[in-house]
Amino acid sequence: MSPKSETRKEEIVRVAAQLFKEKGYTAVTMRDIAAKMGIKAASLYNHITSKQDILDAVIISLAEAFTNGMQSIKSSNNNTIDKLKQIIQLHVKLSSQNSYAMASLNNDWMHLEERLDYYKKLRVEYEDDFRTILVDGITASDIIEANPEVMLFSILTTLRSLYIWIPKKEDLNLEEFTTTLYQILIEGIINK
């Protein structure tokens, strides 16, 4: 979303997410957010209720996007290999569009208060769906017979850290990157 078309609340959330990535959630104050926006801290409260409200907006919306994307992939009629490709595409897309929010999703989720249980539920659903895709792929002999927990951990560890690497590559072709990532992460588990 371009800054010109975003609402003031969306701008606050975007700026805060950037600061959360740079300094960490606990180190960022409402004054820091206001200063970065060039406004008074009191003005922030016209649009949001608290720093916690901002963190909720940053993390929950992204977690829902991942969970909804995964549910859509899992319920499709595609084979395991295509589903794994779509999972990588989902991560590349969301990570490239939301690198600041991804940092909060990975590093600050434990600071969620009222929405912590909901976040954990989304995360478990996402991982369960991913695990089911892997187990179904093993059962269908689409992928090698190996421990699905190790596969899940190995693939997710890379995918969850894309936000660190993608912004440093300004000339990165996301389509080529997705293909290369697929070759590295998935082709090794295809049952040939």
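Being touching a helix residue (DSSP H, G or I) at 6+ places or on another chain (Cβ under 8 Å), basic (Lys, Arg) and in a helix (DSSP H, G or I) narrows it down to one residue among 93, 121; which is it?
Details: 121 fails: touching a helix residue (DSSP H, G or I) at 6+ places or on another chain (Cβ under 8 Å).
Of the residues listed, the single one that is touching a helix residue (DSSP H, G or I) at 6+ places or on another chain (Cβ under 8 Å), basic (Lys, Arg) and in a helix (DSSP H, G or I) is 93.
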| message | Return the residues of the range 139-166 that are in a helix (DSSP H, G or I) and farther than 17 Å from residue 81 by Cβ; say none if nothing qualifies. | response | 149, 150, 153, 156, 157, 158, 160, 162, 163, 164, 165, 166
| request: Being out of contact with any helix residue (DSSP H, G or I) (no Cβ under 7 Å at 6 or more places or on another chain) and under 30 Å from residue 140 (Cα atoms) narrows it down to one of 46, 68, so name that one. | output: 68
| query | With respect to residue 100, is the statement that it is hydroxyl-bearing (Ser, Thr, Tyr), more than 30 Å from residue 192 (Cβ to Cβ) and at pLDDT 95 or above true? | reply | no
| request: Report yes if residue 181 is more than 22 Å from residue 78 (Cα to Cα) and surrounded by 15 or more Cβ atoms within 10 Å (Cβ to Cβ), otherwise no. | output: no
| task | Search the range 117-140 for residues that are within 26 Å of residue 190 (Cα to Cα) and pair each with any residue that is exposed (fewer than 14 other Cβ atoms within 10 Å of the Cβ) and of a type outside the set (Phe, Trp, Tyr) when their beta-carbon atoms are under 7 Å apart and the residues are at least 6 apart or on different chains. | result | 129/71; 138/145
| message | Kindly evaluate residue 180 against the criterion of being among the β-branched types (Val, Ile, Thr) and free of Cβ contacts under 8 Å to residues at least 40 places away in the same chain. | response | yes
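On the given criteria, is residue 26 surrounded by fewer than 21 Cβ atoms within 10 Å (Cβ to Cβ) and outside any helix (DSSP H, G or I)? If you could, list the steps in order and put the result at the bottom.
Values: surrounded by fewer than 21 Cβ atoms within 10 Å (Cβ to Cβ): yes; outside any helix (DSSP H, G or I): no.
It is false that residue 26 is surrounded by fewer than 21 Cβ atoms within 10 Å (Cβ to Cβ) and outside any helix (DSSP H, G or I).
Suppose we filter 185, 90 for residues that are modelled with pLDDT of 90 or more and in contact with a Gly (Cβ under 7 Å, 6 or more places away or on another chain); which single one remains? I'd like the intermediate steps shown before the answer.
Values: 185 fails: in contact with a Gly (Cβ under 7 Å, 6 or more places away or on another chain).
Of 185, 90, the one residue that is modelled with pLDDT of 90 or more and in contact with a Gly (Cβ under 7 Å, 6 or more places away or on another chain) is 90.
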| field | From 82, 53, residue being farther than 30 Å from residue 185 by Cβ and assigned to a helix (DSSP H, G or I) | value | 53
| query | Would you call residue 126 surrounded by 14 or more Cβ atoms within 10 Å (Cβ to Cβ), part of a helix (DSSP H, G or I), of a type outside the set (Lys, Arg) and at pLDDT below 95? | reply | no
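The values are calculated or read from the model by the stated rules, or taken from the named source; none is laboratory data. Computed from a predicted model, the values in this text were never measured in an experiment. Note that we place each Cβ from the backbone using ideal geometry, even for glycine, and neighbour counts take in every protein chain shown.
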